[in-house]
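What follows is a set of notes on a single structure, which appears directly below.
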Amino acid sequence: MSKSNTILYLDGVSVSFDGFRAINNLSLVLDKGEMRAIIGPNGAGKTTMMDIVTGKTRPDEGEVFFDGQVDLTRHDEAEIAMMGIGRKFQKPTVFESHTIEDNLMLALKGPRSIFPALFHRRSAAEARQIEDILGIIRLGDKRHELAANLSHGQKQWLEIGMLLAQDPKLLLVDEPVAGMTDAETEETARLLKDIARDHSVIVVEHDMHFVRELGVKVTCLHEGSVLSEGTLDFVSADERVVEVYLGR
Amino acid sequence: MITGRFFAAGADRRIAITIFILLAAAIIVPLLNLGVSPASAFYVPAYIVALTGKYLCYALLALALDLVWGYCGILSLGHGAFFALGGYAMGMYLMRQIGSRGVYGNPILPDFMVFLNYKELPWFWHGFDHFWFAAIMVLAVPGLLAFVFGWFAFRSRVTGVYLSIITQAMTYALLLAFFRNDMGFGGNNGLTDFKDILGFNVQADATRSALFAASAVMLALAVFFTWAIVGSKYGKLLMAVRDAESRTRFLGWRAENVKLFAFTVSAVMAGIAGALYVPQVGIINPGEFEPSNSIEVVIWAAVGGRGTIVGPIIGALLVNAGKSWFTGVLPELWLFALGGLFVAVTLLLPRGIIGMWDSWRGNAKALRAASVAEEAAKVAVPSAISKRARSPARNPGEWSLSDPEPQAAE
């Protein structure tokens with residue numbers, strides 16, 4: 001398989017923790033500009049796969065390439081983030097003691113060393129970017145509130161906003177609609193489809209309604225490897241997927 | 001830009017007031033000591049000047065700890081080591097100033113070296129006859145130690161209680177090393193019998209007053225400096241690392257460098273505190289490396305309220321004033337009182353004195369607002385209360401009322 005024109009290329013990746021094979025010979029390819037939904041039962045290795053891509057976990061074997069040529073196994077979290085891979089955690093993780101605006105400011109693309117941060121002054125361009133993102137995630141009227149005071153769904157949105165501020169090439173979004181109302185879920189689907197217009201996105205989600213809403217290619221993971229891949233209808237018709245995940 | 005924020009109306013009033021009080025004390029206390037006759041009711045005796053000068057050094061040390069503990073969550077149990085190293089650097093300068101006035105009258109070697117049969121000055125004592133060199137060492141030695149220590153510790157992602165334990169081990173190792181006579185720092189007697197600092201007699205009232213003023217001014221500067229750091233984007237990053245370290249990594253920040261910078265700056269501040277402390281107490285010995293000293297600093301910061309800049313200063317002043325009084329009246333009970341104080345503060349005042357003050361004032365304000373609102377329109381009451389209770393304290397000098405607990409990222 002050719003790596004060129006892929007944004008993410010995993011081949012034969014395995015990792016085990018204390019003898020437990022969390023990822024087992026996983027191969028997954030994401031084309032540039034593609035959005036992919038990943039489904040699978042608990043323990044299928046979805047989060048571990050994200051850990052490997054973002055540099056938190058080193059694979060025991062296998063190849064992980066970003067943008068066709070960058071070997072991600074040789075870089076750590078901060079470097080990978082700077083290359084343009086953004087990640088939203090399963091549990092929304094924002095800086096609770098900061099305001100919404102400050103959360104976005106810390107995420108905003110720019111130099112990441114100490115001294116520029118020490119003497120940093122917000123420029124008009126940055127203010128405008130923050131303004132735009134606040135509009136997209138619909139938290140403009142709460143900009144001066146502490147992130148701790150947001151609802152669960154709003155925190156999810158703030159975290160997506162922080163991803164946007166980072167302006168990554170590839171977004172890894174782990175369970176973005178967990179704990180959201182139906183209306184919020186629909187909004188999030190709309191938001192992600194918007195983002196996918198000029199970014200590559202991987203979405204991990206259990207909510208099949210939401211996955212259908214996204215209308216993209218689906219990969220079902222099971223016991224650390226790909227069980228089935230294709231359109232949602234194809235995957236959900238797959239005997240084995242029904243067996244291990246969807247239930248009869 | 002920083003000064004603009006500083007003088008902005010209403011912004012960080014508490015910090016401005018603290019700096020003003022310290023600068024005023026730096027002028028008034030020496031005046032009342034030197035310019036007023038001892039018979040006057042306003043006379044400040046020399047021993048009070050020396051004692052409060054010492055407390056101000058402790059306050060600076062507590063502030064240094066606050067920068068890393070309160071704002072970055074690094075509970076250092078070894079900050080006394082940086083304090084003592086700064087103190088030793090100053091002590092070495094003061095030793096070299098004694099010259100031939102020592103007991104053995106050796107113009108080059110300090111008394112303890114003559115006593116221990118040193119033939120010549122060890123290499124690391126060279127240069128300490130110049131104040132400027134000693135002053136650089138006061139900053140460089142603690143800073144360098146913190147940089148190297150932090151570089152390894154933070155890069156290996158040692159956090160939490162393990163980090164606290166190795167900082168404690170660091171100060172204990174230095175304690176043992178400095179106890180040895182062949183280290184060349186005076187062994188367990190340390191450095192003492194100082195005569196002059198910059199040509200002035202260290203015992204003289206005027207010098208003591210000047211040292212007091214220097215301590216107060218330095219503390220005021222440190223307050224301003226810490227406040228400026230904490231209010232910058234870097235300061236926000238520092239708190240972000242405290243609350244969700246791995247989030248900052250996935251945003252591309254190097255959390256280890258963020259911590260390393262704060263840790264090094266903090267160690268330098270602690271070193272300055274030690275350097276101001278030594279001429280005022282007239283001795284520096286390995287006892288300053290005692291782990292219990294470093295733990296006491298943590299208690300000062302906790303009592304005053306960590307992460308508040310002003311709190312640790314108040315804590316250091318109050319606890320030490322209490323200590324001076326207590327050790328005079330009931331010396332054998334002091335350690336029990338200190339331990340009890342720490343337990344009591346942890347249980348009853350988890351945010352320290354400043355935190356209690358803020359929440360008390362917040363409540364009072366909310367009540368007042370509520371009663372005003374009640375008179376105006378009964379409907380407005382709940383909104384007034386909830387608004388106040390949720391109002392974010394975004395200025396570094398204040399304590400957030402809705403204080404979010406640090407949370408672990410995945």
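No value in this document is a laboratory result; all are computed from the given coordinates. Since this is a predicted model, take the numbers as computed values, not measurements. Methodologically, a virtual Cβ is constructed for each residue, glycine included, from the backbone with ideal geometry; neighbour enumeration extends over all protein chains shown.
Overview of values
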read-out	value
Residue with peak Gaussian network fluctuation, chain B [Cα springs, cutoff 10 Å], from B:45, B:110, B:279	B:45
Of A:114, A:160, A:38, the one that fluctuates the most in a GNM where chain A has Cα springs shorter than 10 Å	A:114
Per-residue [θ]222 nm for chain B (sum of -39500 (n - 2.57) over DSSP H runs n ≥ 4, rounded to 500)	-23000 deg cm²/dmol
Nearest-20 debye value, the range A:198-248 charge dipole, Cβ charges on Lys, Arg, Asp, Glu	80 debye
Reciprocal mean inverse distance between Cα atoms of the protein assembly as shown - Kirkwood radius, Å	28.0 Å
Cα long-axis angle, helix B:160-179 against chain B (0 to 90 degrees, to the nearest 10)	20 degrees
In nm, spacing of pseudo-spin labels at residue A:2 and residue B:116 (7 Å Cα→C-beta vector)	7.4 nm
Kirkwood hydrodynamic radius over Cα pairs of the range A:71-215, then Stokes diffusion coefficient at 10 °C and 1.306 mPa s, in µm²/s	101 µm²/s
Cα-based radius of gyration of chain B once divided by 2.2 N^0.38 Å, which approximates compact folds	1.07
Counted charge near residue B:210, where neighbours are those whose Cβ lies closer than 15 Å (Asp, Glu -1; Lys, Arg +1)	0
Cβ-placed point charges (K, R +1; D, E -1), dipole of the protein assembly as shown about Cα centre in debye, nearest 20	1800 debye
Relative exposure of A:243, B:245, B:288, judged by other C-beta atoms within 10 Å (fewest first)	A:243, B:245, B:288
Cα-projected label distance for residue B:36 with residue A:70, points at 7 Å along beta-carbon direction, nm	6.7 nm
Dipole magnitude (debye, nearest 20) for chain A, charges at Cβ of Lys, Arg, Asp, Glu	500 debye
Considering only chain A, percent of DSSP beta bridges that pair antiparallel, nearest 5	55 percent
Convex hull volume of the range A:184-226 per residue (C-alpha atoms, cubic angstrom)	74 Å³
Neighbour net charge for residue A:140 - beta-carbon separation under 12 angstrom, K R +1, D E -1	-2
Efficiency of FRET between residue B:348 and residue A:21 - r from beta-carbon atoms, R0 45 angstrom, step 0.05	0.35
Shielding by partners - mean other protein chain Cβ count within 10 Å, residues of A:98-107	4
Inter-chain Cβ neighbour average for residues A:137-147, partner chain, 10 Å	2
Shielding by partners - mean other protein chain Cβ count within 10 Å, residues of B:252-259	6
Using alpha-carbon coordinates, inclination of helix A:182-195 to the longest axis of chain A, degrees	90 degrees
Under 18 Å from the Cα of residue B:365 - lysines, other chains or at least 8 residues apart	B:378, B:387
Separation of the residue B:151 and residue B:323 label points, Cα + 7 Å toward Cβ, nm	3.3 nm
Length released on extending from residue B:101 to residue B:51, taking residue separation times 0.36 nm less the Cα-Cα span	15.3 nm
The range B:281-349: C-alpha gyration tensor shape, a/c 1.5 cut-off, then a/b vs b/c	oblate
Coarse-grained scattering of the range B:133-203 at q = 0.13, 0.16, 0.28 Å⁻¹, given as base-10 log I(q)/I(0) from a Debye sum over alpha-carbon atoms	-0.59, -0.80, -1.19
Relative compactness, chain A, computed as alpha-carbon Rg over 2.2 N^0.38 Å	1.02
Unit Cα scatterers, Debye sum, the range B:198-246: log10 I(q)/I(0) for q = 0.25, 0.26, 0.27, 0.29 Å⁻¹	-0.87, -0.90, -0.92, -0.96
Highest-MSF residue in chain A out of A:120, A:199, A:75 [GNM, Cα springs under 10 Å]	A:120
For the range B:1-145, alpha-carbon Rg relative to the globular expectation (2.2 N^0.38 Å, N residues)	1.41
Quarter of Cα convex hull surface for the range B:156-293, i.e. mean projection, nm²	10.6 nm²
Fewest-first ranking of A:6, B:192, using other Cβ atoms within 10 Å as the exposure measure	B:192, A:6
Burial ordering of B:259, B:323, fewest other beta-carbon atoms within 10 Å first	B:323, B:259
Cα-based reach from residue B:233 at 18 Å (exclusive), listing lysines while leaving out same-chain residues under 8 positions away	A:109, B:259
Sparsely packed trypsin sites (Lys or Arg not before Pro) within the range A:126-201, loop by DSSP, other Cβ within 10 Å at most 14	A:138, A:197
